[in-house]
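Undergrad: Starting off with a structure, shown below.
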Amino acid sequence: MAAFLLLAGVVVVGYMIFHNIFVKGAICKSNVKLHGKTVIVTGSNTGIGKMTALDLARRGARVILACRNKQRAEAALASIKRESGSNEVVFMHLDLGSLKSVRSFAETFLKTERRLDLLINNAGIYMQGRTEDGLGMMFGVNYIGHFLLTNLLLDRLKECGPSRVVNVASLGHNFGKIDFNCLSTHKELGVGKSATDVFNIYCNSKLCNVVFTHELAKRLKDTNVTCYSLHPGIIETELGRYANSVFLMLLKPISMLFFKNSVAGSQTTLHCALQEGLEPLSGRYFSNCTVRNLYPKARDDAVAKKLWEVSESLCGLL
């Protein structure tokens, strides 16, 4: 019995050490206050987006919750106002799966808000389907919608600099590829409906986020706007809410033990948004509040330029 208790104690202590180092991870150490600053956080009605918005509201920022689902966004709005004690939090409708909606959001924002200091492209989806513009759902929502939104708001970001764009990507980008032939033929980053196919397409969309950040930094050189991409960690959020219910049930015990919660998952986003002195690292990729090196495919200048041009064409920006 004594040996069993000792073993159990060792396991518990070992797990606590593992959890604090590898699961919970680093925290954003910036004490920056944001009074007078305006921030947009896409997908901020739940998960790490909501926790990011809450932290920024607590720092005094005017926070725009850019979300698709009005009911969920209004619930998040009330919660963030209550927990932050701030009334400078507003909801504006944004459906990243609709280029028309993205344009409408940008037009309304530019007419009603005089500042933009931080654009946090956080929203993401893990499901198959098509957007109303005929794009693959994950390609359209995870990447193209944010590409268009960023470009429509760049002038305001420049006017209010120093300012930042933060693109929430994923470690999954390492498994991704950008198949321009598939993109040209299907307006999608991959085909197939198996679990492996869906995972690959998701990773492809996240590679687009990282490559986009690399190219955006080059185009923002000598301006007062910088940009960063990041892996938030493996998070227990609602990203996979459209996944198979049996799979989610089996995953739940694992996620409880080994996945970050939303607060921990928001820390690298906050680090990229707030940490002083990151300007020389514009275009770089972060994980666990630390800059990381990328594989060559994620910083290929020719691929980045081509993706930008294809994206401009799909968005009608040319």
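The values are calculated or read from the model by the stated rules, or taken from the named source; none is laboratory data. Everything numeric in this text was worked out from a predicted model, so none of it was measured. Heads up, the Cβs are rebuilt from the backbone with ideal geometry, glycines too, and the neighbour counts pull from every protein chain shown. SASA here: full protein model, heavy atoms, side chains in, ligands and nucleic acids out. Shrake-Rupley method; radii C 1.70, N 1.55, O 1.52, S 1.80 Å.
Undergrad: Would you confirm whether or not region 210-222 contains a residue that is open to solvent by 10 Å² or more (accessible area, probe 1.4 Å), more than 17 Å from Asp300 (Cα to Cα) and in contact with an Asp or Glu (Cβ under 8 Å, 6 or more places away or on another chain)?
TA: There is no residue in region 210-222 that is open to solvent by 10 Å² or more (accessible area, probe 1.4 Å), more than 17 Å from Asp300 (Cα to Cα) and in contact with an Asp or Glu (Cβ under 8 Å, 6 or more places away or on another chain).
Undergrad: Quick check on my filter: what residues within region 190-209 are among the hydroxyl-bearing types (Ser, Thr, Tyr) and surrounded by fewer than 17 Cβ atoms within 10 Å (Cβ to Cβ)?
TA: Passing the criteria: Ser194, Thr196.
Undergrad: Within region 154-173, is there a residue that is part of a helix (DSSP H, G or I), within 17 Å of Lys306 (Cβ to Cβ) and open to solvent by 30 Å² or more (accessible area, probe 1.4 Å)?
TA: For region 154-173, residues part of a helix (DSSP H, G or I), within 17 Å of Lys306 (Cβ to Cβ) and open to solvent by 30 Å² or more (accessible area, probe 1.4 Å): absent.
Undergrad: Now for a separate question. Which number in (1) among the aliphatic types (A, V, I, L, M); (2) open to solvent by less than 30 Å² (accessible area, probe 1.4 Å); (3) farther than 30 Å from Ser194 by Cβ marks the one condition that Leu135 misses?
TA: (3)
Undergrad: So which of Val23, Val89 is in contact with a helix residue (DSSP H, G or I) (Cβ under 9 Å, 6 or more places away or on another chain) and at pLDDT 95 or above?
TA: Sole residue among the options that is in contact with a helix residue (DSSP H, G or I) (Cβ under 9 Å, 6 or more places away or on another chain) and at pLDDT 95 or above: Val89.
Undergrad: Please work out which residue is nearest to Phe105 (Cα to Cα), limiting yourself to region 36-53 and to residues that are open to solvent by less than 10 Å² (accessible area, probe 1.4 Å) and hydrophobic (A, V, I, L, M, F, W, C).
TA: Within region 36-53, the match that is nearest to Phe105 (Cα to Cα) is Ile40.
Undergrad: Quick one: in region 177-189, which of the residues that are in a loop (DSSP other than H, G, I, E, B) and closer than 15 Å to Ile144 by Cβ is most open to solvent (accessible area, probe 1.4 Å)?
TA: Selected residue: Lys187.
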